[in-house]
Amino acid sequence: MTREIFIKDTHRGLWYEDGVLLKVLEAGRYVVPTPLNLGFWRRKQIDVTLVDIRERELTIKGQEILTSDKVAIRVSIIVHFKVIDPKAALHVVEKYDERLYSDVQLAARRSLASMSLEEILTNRNRLSEDILHDVKEAAISYGVAILRADVKDLIFPGNLQEIMNKVLAAERMSQAQLVEARTKADTQLIEAQTKSEAQKLQAHSQADSQKKIAQAEAEVTKIKMEAEIEALRQQEQVAQAYTNHPALLRLRELDTMSEMAKNANARIYLGFEKHVELEPANGKAD
């Protein structure tokens with residue numbers, strides 16, 4: 001006769017024959033012979049014990065501990081662990097979860113007793129590090145791996161709690177004021193930078209405008225000078241032409257008189273020599 005057992009991925013099985021551990025079973029289906037006693041012949045007694053290898057939590061609640069500065073506090077610690085060696089977990093210690101509870105409890109007491117209240121408040125990670133350092137290797141010896149240890153709760157005496165609440169409130173107020181002051185300072189700085197940038201842009205714009213105006217005026221002056229020079233050059237050429245060809249000057253005069261003749265109001269004055277007769281000394285003319 002036989003029977004079937006199924007082991008899930010979340011567990012491992014310890015195979016015992018007549019109380020002797022022979023092997024550790026992985027996940028799967030197994031056929032287990034049932035006990036049989038025929039008097040002169042007996043089949044071995046086979047047992048399979050399952051061990052959960054999933055990650056689990058263990059909470060160490062309300063441990064009252066004196067800190068190094070003699071302040072009594074109550075602390076709760078949460079530990080995440082898993083079985084990594086099913087054989088050691090069942091064979092090295094009687095109950096591995098109870099052993100782990102005791103080891104973490106003692107490690108937490110040793111760690112907190114060496115810390116002041118201020119250190120506990122400002123550096124909770126130290127407690128977790130101390131627990132892992134003190135218990136990790138010991139836990140591995142009985143088949144358990146500690147994955148994480150954290151402070152879950154810290155409870156202080158009533159008067160100390162009230163004082164701490166006031167301190168925390170003052171700190172929050174101070175932080176809020178500091179944030180407000182920094183925000184105001186940042187705003188003023190941004191406004192000043194924006195104003196400075198605007199002034200710079202305005203100054204650059206004005207400088208560019210003045211530069212462009214000066215360039216335009218210089219260009220106009222240059223054009224005028226070039227035009228005047230060209231006009232003088234043309235006048236020089238005309239004068240040279242009249243000098244070389246007097247007849248051209250005469251034709252120009254005739255053209256001008258012809259144009260003036262078309263205007264009824266135009267007057268032409270011609271220069272004549274004026275003869276003055278001198279009278280004799282006796283007043284009679286010759």
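Quick notes on this one:
- Scanning region 24-33 turns up no residue that is modelled with pLDDT under 90, within 30 Å of residue 132 (Cα to Cα), assigned to a strand (DSSP E or B) and among the aliphatic types (A, V, I, L, M).
- Scanning region 40-65 for residues that are closer than 18 Å to residue 120 by Cβ, open to solvent by 100 Å² or more (accessible area, probe 1.4 Å) and not acidic (Asp, Glu) yields one hit, 61.
- Inspection of region 101-114 identifies at least one residue that is surrounded by 13 or more Cβ atoms within 10 Å (Cβ to Cβ), closer than 16 Å to residue 152 by Cβ and hydroxyl-bearing (Ser, Thr, Tyr).
- Considering residues of region 115-141 that are surrounded by 14 or more Cβ atoms within 10 Å (Cβ to Cβ) and of a type in the set (Val, Ile, Thr) only, the residue nearest to residue 66 (Cα to Cα): 120
- One residue stands out in region 142-160 among those that are farther than 25 Å from residue 83 by Cα and within 39 Å of the chain's Cα centre (by Cα): the one that is most open to solvent (accessible area, probe 1.4 Å), namely 155.
- Residue within region 91-102 that is β-branched (Val, Ile, Thr) and closer than 30 Å to residue 148 by Cβ present: yes
The values are calculated or read from the model by the stated rules, or taken from the named source; none is laboratory data. Keep in mind the model is a prediction, meaning the values are calculated, not measured. Reconstructed Cβ throughout: ideal geometry from the backbone, glycine too, with neighbour counts over all protein chains shown. The protein model used for the area step is the full one, side chains on, heavy atoms only, and it has no ligands, DNA or RNA in it. Shrake-Rupley method; radii C 1.70, N 1.55, O 1.52, S 1.80 Å.
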